[in-house]
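A short write-up of the structure that comes next.
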Amino acid sequence: MSRLNTVCALDLGTTKVCCAIAEYDGEDLHILGLGEVPTRGIRKGAVVDIDLAAEAVAEAVDAAEQVAGIPIDAVVVGFSGGRITSANSRGVVAVAGARREVRDADVDRVLEAARAISVPSDQRIVHVLPQQFTVDGQEGVKDAIGMSGSRLEVDAHIIMGSNTALNNVIKVAHAAGLEVEDVALQGIASAEAVIQEEEMERGVVVADIGGGTTDIAIYRKGSLIATSVIPVGGNHVTGDLAVGLRCDLDAAEEVKRRAGHCLQLTVPADVMITMTPMGYDASVQVPARYLAEIIGPRAREMAMLIQQAITKTGPASLYAGGVVLTGGGALLRGFPEVVQQETDLPCRVAAPFDVDGIGHEMRDPQYATLVGLLRWGTRSIRVAHVKGKKQQRAFNVTGTTRHNQTQVSERLNRWFRDLFTPSSKGN
Ligand SMILES: Nc1ncnc2c1ncn2[C@@H]1O[C@H](COP(=O)(O)OP(=O)(O)OP(=O)(O)O)[C@@H](O)[C@H]1O
Ligand SMILES: [Mg+2]
């Protein structure tokens, strides 16, 4: 039987901070625990207050640990906010060794060679994702290891994140007593949770509509070719409604989920909704069409930004797999139709698949990033199966391995304390 590994993921979203703990048997993810709290200290995907964000993280992790019944000390964490840039790059090396057979070390070297691009001083490379290898001129090789040849080339998609944004994410995890095992761009994590390889092959655009950002990942011929983060999300729709209906954000959020729609004409003219504007003692009736009148332009703006991200990479005809929407904001009624009209591509809303255990809770678009981060973590397990190598991967602000025994044991103490005094968590 395969050995069980535990994987933990942390999603620092603009609206929610959530943590999941899963077991991985080499094939499937079995979710053991999920903890979620409203976000504090994060705006538009970027950390703006480390202490507040760390408090939220500790609470979400506590909740996940309680459900799973095991303590955790390391997580795979997603990042999004701040300036994220990406570029495609090519690396070339000579295959080493007398047998002229591509080995792990050659692949490592060629990926290293692909990193030789100019990186702005306030940014650093976070991902080097191979798109295809070329061995002695033969293009389109997905797995070069074991192939014979003397010249190895790689086309890679390079993702760079702002040093500040990345350091702050890592600081938040450390402040909550957690090691950072790996970081992954939220948009890529979401895509991994909701689309199949066959769709990546056909060409597909994944857009995670979060609260504060829309994270885009574009795939062609099985590889990631472009990523971007648009600073607009579902919270902007809520903000527009709050202004239009003269109510507070909580009321606007509730009305949006209950009766919001992007397409005015699909809402019958006589449907009324009940709500209480600010300063009113009693509730009033508002035509549901009026909500659509407010939501429609913002939805169209978001769809146009998705369309622009697609156009930068080529014509829509390259994406037979269409647009896949995920993230909580994708639940806005009528939004897939608007995206379909703007992009001229088929569009569907997708939730994470292939998660069992308590995973049924996570088959919801808002958990796409979290499930994707778990999958990302399983890949680290596969790649770094030697424990020493895995420890070297631990991220920290200065770039050296962090092993803070005190903080880990503090977390263990906290966990046992909470386990034996559940009432202390009350209210
Ligand atoms: N049923 C619904 N109808 C419309 N919008 C919804 C619904 N459920 C959630 N949302 C919206 O989804 C957004 C939150 O999505 P999600 O949880 O994916 O964001 P996040 O990960 O916290 O944020 P981000 O990814 O931007 O950092 C909010 O704007 C919320 O209003
Ligand atoms: Mg998100």
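The values are calculated or read from the model by the stated rules, or taken from the named source; none is laboratory data. Because the structure is predicted, anything quoted here is derived from the model rather than measured. Cβ placement follows ideal geometry from the backbone for every residue including glycine, while neighbour counts extend to all protein chains displayed. When the accessible area is computed, the model is the full protein with side chains, heavy atoms only, and any ligands, DNA or RNA have been set aside. Shrake-Rupley method; radii C 1.70, N 1.55, O 1.52, S 1.80 Å.
A few points about this structure:
- Given (1) within 16 Å of ligand 1 (Cβ to nearest atom); (2) on the phi > 0 side of the Ramachandran plot; (3) out of contact with any Asp or Glu (no Cβ under 8 Å at 6 or more places or on another chain), index of the condition residue 49 fails: (2)
- Just one of the listed residues (229, 324) is closer than 30 Å to residue 158 by Cβ, open to solvent by 40 Å² or more (accessible area, probe 1.4 Å) and among the aliphatic types (A, V, I, L, M), namely 229.
- Test: residue in the range 202-214 that is open to solvent by 20 Å² or more (accessible area, probe 1.4 Å), of a type in the set (Ser, Thr, Tyr) and at pLDDT below 95: no
- Any pair with Cβ under 9 angstrom, 6 or more apart, that starts in the range 172-197 at a residue that is at positive phi and ends at one that is β-branched (Val, Ile, Thr) and open to solvent by less than 10 Å² (accessible area, probe 1.4 Å): 177/61
- Complete set of residues in the range 1-35 that are of a type in the set (Asp, Glu) and open to solvent by 10 Å² or more (accessible area, probe 1.4 Å): 23, 25, 27, 28
- Residue list for the range 1-46, filter: in a loop (DSSP other than H, G, I, E, B), under 19 Å from residue 178 (Cα atoms) and near ligand 1 (Cβ under 9 Å from one of its atoms): 13, 39
- Among (1) within 16 Å of ligand 2 (Cβ to nearest atom); (2) open to solvent by less than 20 Å² (accessible area, probe 1.4 Å); (3) in contact (Cβ under 8 Å) with a residue 24 or more places away in the chain; (4) not in a loop (DSSP other than H, G, I, E, B) - the single one residue 156 does not satisfy: (1)
- Just one of the numbered conditions (1) open to solvent by less than 10 Å² (accessible area, probe 1.4 Å); (2) more than 16 Å from ligand 2 (Cβ to nearest atom); (3) not charged (D, E, K, R) is not true of residue 80: (2).
- Within the range 338-360, being among the acidic types (Asp, Glu) and either touching a helix residue (DSSP H, G or I) at 6+ places or on another chain (Cβ under 8 Å) or open to solvent by less than 70 Å² (accessible area, probe 1.4 Å) (or both) holds for 342, 344, 356.
- Test: residue in the range 173-183 that is closer than 27 Å to residue 343 by Cα and within 16 Å of ligand 2 (Cβ to nearest atom): no
- Only one of 299, 303, 309, 316 that is in contact with a Leu (Cβ under 8 Å, 6 or more places away or on another chain) and under 25 Å from residue 366 (Cα atoms): 299
Rundown of residues vs (1) within 16 Å of ligand 2 (Cβ to nearest atom); (2) of a type in the set (D, E, K, R), yes/no style:
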site	(1), (2)
6	no, no
18	yes, no
32	no, no
43	yes, yes
52	no, no
55	no, yes
61	no, no
66	no, no
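- Scanning the range 36-49 for residues that are crowded, with 18+ Cβ neighbours inside 10 Å and in contact with a Lys or Arg (Cβ under 9 Å, 6 or more places away or on another chain) gives 36, 37, 39, 47.
- Those residues of the range 195-222 which are more than 15 Å from residue 320 (Cβ to Cβ) and outside any loop (DSSP other than H, G, I, E, B), in sequence order: 207, 208, 209, 214, 215, 216, 217
- Taking every residue in the range 62-78 that is under 18 Å from residue 369 (Cβ atoms) and in a strand (DSSP E or B) and pairing it with any residue that is modelled with pLDDT under 95 and among the hydroxyl-bearing types (Ser, Thr, Tyr), at least 6 positions away or on another chain, the pairs with Cβ-Cβ distances below 8 Å are 76/380.
- Within the span defined as the range 88-102, every residue fails to be within 16 Å of ligand 2 (Cβ to nearest atom) and touching a strand residue (DSSP E or B) at 6+ places or on another chain (Cβ under 6 Å).
- Candidates are the residues of the range 361-378 that are over 16 Å from residue 329 (Cα atoms) and open to solvent by less than 10 Å² (accessible area, probe 1.4 Å); the one that is farthest from ligand 1 (Cβ to nearest atom) is 378.
- Within the set 305, 318, the sole residue that is closer than 29 Å to residue 11 by Cα and of a type outside the set (Lys, Arg) turns out to be 305.
- Selection status of residue 105, assigned to a helix (DSSP H, G or I), out of contact with any helix residue (DSSP H, G or I) (no Cβ under 8 Å at 6 or more places or on another chain) and of a type outside the set (Asp, Glu): yes
- Pair list, Cβ under 6 Å, 6 or more apart: the range 132-152 residue in the same structural domain as residue 91 (by TED's automatic domain parsing) and acidic (Asp, Glu), other residue surrounded by 11 or more Cβ atoms within 10 Å (Cβ to Cβ) and part of a strand (DSSP E or B): 136/151
- Residue identified as within 16 Å of ligand 2 (Cβ to nearest atom), surrounded by 16 or more Cβ atoms within 10 Å (Cβ to Cβ) and either closer than 16 Å to residue 204 by Cβ or β-branched (Val, Ile, Thr) (or both) among 273, 306, 294, 310: 306
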